[in-house]
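Okay, structure first, notes after.
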Amino acid sequence: MRTVIKPPYSDPPYSLHDAYVVALAAKGDTLHLVTQYGYVCTTEPYGQVEGDIEITGVDWESSYVYLMEYTDVLCGNCGSFTGRKMALPAFLQEFPSFSLDIMDESYGYCQANLTGFLNLNDRLLEFRLELYYTGAFQYILKE
């Protein structure tokens, strides 16, 4: 019997944990995430860097946003919620103005998942952004 071990995903050079995304812009097959103050470098000296994200080769028909609105508990806590799943283009059309506070990120084969909180000014929801892409996940540094 032969055993094949899948290596873990290599550590990304930057972490989006606590990144504050102020806009998502779709153009062609590219999704641009505009951050308010960038993200954190995952190697020493682990500092904050200014920059945005571009993801190319996005498959719009296979990329989704999940929204959770909590009932009787604070957003993000355990408890009851109502929710919905939306195709990413429908989300962008329905919510032209928002901000995302990213709490966690995970990556797989042709996939990136970002989770956190969606601020709609008058309410706070939990979100999961599930992106399927065949291009590049690019950190665009502002130097």
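Coordinate-derived values only; no laboratory data. No experiment lies behind these values; they were computed from the predicted model shown. Every residue, glycine as well, gets a Cβ built from its backbone with ideal geometry; the counts of neighbours run over all protein chains shown.
Of the residues making up region 122-142, those that are touching a strand residue (DSSP E or B) at 6+ places or on another chain (Cβ under 9 Å) and outside any strand (DSSP E or B) are R123, T134, G135, A136, K142.
The set of residues in region 13-30 being in a strand (DSSP E or B) and surrounded by 12 or more Cβ atoms within 10 Å (Cβ to Cβ) consists of Y14, S15, Y20, V21, V22, A23, L24, A25, A26, T30. Taken over region 125-136, the residue count meeting the criterion of being over 14 Å from R84 (Cβ atoms) and either surrounded by fewer than 16 Cβ atoms within 10 Å (Cβ to Cβ) or of a type in the set (D, E) (or both) is 3.
For region 31-50, what are the residues that are over 16 Å from Q93 (Cα atoms) and either in a loop (DSSP other than H, G, I, E, B) or in contact (Cβ under 8 Å) with a residue 60 or more places away in the chain (or both)?
Residues of region 31-50 over 16 Å from Q93 (Cα atoms): 34-50.
If the condition is that a residue be over 16 Å from Q93 (Cα atoms) and either in a loop (DSSP other than H, G, I, E, B) or in contact (Cβ under 8 Å) with a residue 60 or more places away in the chain (or both), then Q36, Y37, G38, Y39, T42, T43, E44, P45, Y46, G47, V49, E50 are the ones that fit.
Looking only at residues of region 37-64 that are aliphatic (A, V, I, L, M) and closer than 14 Å to Y139 by Cβ, we find that the one that is surrounded by the fewest Cβ atoms within 10 Å (Cβ to Cβ) is V40.
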